[in-house]
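Peer 1: Please read through the structure below; I'll follow up with questions.
Values quoted throughout were computed directly from the atomic coordinates according to the rules given, and no laboratory measurement underlies them. For clarity, every value in this text was computed on a predicted model and none was experimentally measured. Glycine also receives a Cβ, built like all others from the backbone with ideal geometry; neighbour counts cover every protein chain displayed.
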There are 2 protein chains.
Amino acid sequence: MALVHFPVINKQGEIVTSSVTTLDVHDIARISRTYGVETFYVVTPLPAQQALVQRIMDHWLTGYGAEYNPSRREALGRVRMAPTLDAVQEAITRRTGRAPRTLVPDARRFARSISYRRGREILAEGGPFLLLFGTAWGLEPGLVERADWILDPIEGMPDYNHLPVRAAVAIILDRLLAPREAPGP
Amino acid sequence: MALVHFPVINKQGEIVTSSVTTLDVHDIARISRTYGVETFYVVTPLPAQQALVQRIMDHWLTGYGAEYNPSRREALGRVRMAPTLDAVQEAITRRTGRAPRTLVPDARRFARSISYRRGREILAEGGPFLLLFGTAWGLEPGLVERADWILDPIEGMPDYNHLPVRAAVAIILDRLLAPREAPGP
């Protein structure tokens, strides 16, 4: 999985680099760990932001935090920094021997958007897969277009669509990866 | 829905009052609004903590924030402070003419725990319902025992169970309240 800070769009639709939110790194690390995501990549080209995430990770992985809060250490142990999405795809290809296929959730519905049920079937076919989440107002549209699959919007109330990205990640991983309940009577 | 800061338990199992996390109020207000929860009650008996939440709400409902971020205003418009759970139940009873029946998610599985599928059936029977979330290490055990229904644990990886409460709320509301996808082909 990757949380992308560039290229994303702002409220005006311009392509920007968003700031890393340390809270998102913490929350999404735990959520990823809960659902068995192998690696959670934080993608930002800005060295100062990479250093910030590295400091958080060092604190919880080897500093005082590691002893104080082992569950956080365990979650952050699966976080990696990456300067670009290309670097993420190269890392996955190097490790698995195959280029990952990409899934992208999007708040809009496209002709080729797929249901979460279909998404589960695709994941069952075997990876590697790369699930992309955009920050700010979402991924640069070309990234969405080039994705192998686009997932349906999360449908809550049709007139309100303002979930924090950490909540969207929780919901989407639950829909794609949670063990299914046995069919009811 | 209620986010309970007292009575909850700490790591040692002692009954404590936890601190309100402003981020939880913001995130959970948006998540609640997304899934059509009528009112999100923040339950704390501590006047200083109530004042803190009130200040956040005033900022976003009537202050500079209301103009700057209307979607946040809309979400926070459904937040209410309550000193106790009894006060929440009285408010719901007053408004609806019936005492709410309570559902409680819990990280442990009980003999009477129900699936989320069963939870959806119960909600379809008609309310009022009150969904309780504990902060810190969870609701005081007596509250869980007295609930009308206890929901199954969220099952991710069996060896890791450290979701932030705001992530748990997102997942549980999605499981209980999201419109269901049409059955696949």
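Peer 1: Please average, across the residues of A:34-40, the number of beta carbons from any other chain that are within 10 Å of each residue's own beta carbon, and give a whole number.
Peer 2: Per-residue shielding by partner chains comes out at 3.
Peer 1: What ranking do B:15-25, A:90-100 get when scored by the average of other Cβ atoms within 10 Å per residue, highest first?
Peer 2: Descending packing order for the listed peptides: B:15-25, A:90-100.
Peer 1: Another question about this same structure. List the residue from chain B whose beta-carbon is nearest to the axis that rotates chain B onto chain A, together with that distance in whole Å.
Peer 2: B:A170, 2
Peer 1: Name the trypsin sites (Lys or Arg not before Pro) in the range A:6-55 that are in a loop by DSSP and that have at most 11 other C-beta atoms within 10 Å, would you?
Peer 2: A:K11
Peer 1: Also: Please go through the range B:105-165 and write out the GluC sites (Glu not before Pro) that DSSP classes as loop and that have at most 14 other C-beta atoms within 10 Å.
Peer 2: Loop-located and lightly packed - B:E125.
Peer 1: Give the relative contact order (percent, whole number) for chain B; include only Cα pairs under 8 Å separated by 6+ residues.
Peer 2: The value is 29 percent.
Peer 1: Taking a ≥ b ≥ c as the square roots of the Cα gyration tensor eigenvalues, with a/c under 1.5 meaning rounded and otherwise prolate when a/b beats b/c, else oblate, which class fits the range A:1-141?
Peer 2: It comes out oblate by the Cα gyration axes.
Peer 1: Here's something else I'd like to know. Can you list the copy-to-copy distances for B:R94, using a point 7 angstrom from Cα toward Cβ, in nanometres, shortest first?
Peer 2: 6.3
Peer 1: Measuring label to label, 7 Å along Cα→Cβ, what does A:E125 give against each other copy in nm, shortest first?
Peer 2: Inter-copy label distances (nm, one decimal, shortest first): 4.3.
Peer 1: A:D148 label points, 7 Å along Cα→Cβ, one per copy: pairwise distances from this copy to the rest in nm, shortest first?
Peer 2: The answer, with the shortest distance listed first, is 4.6 nm.
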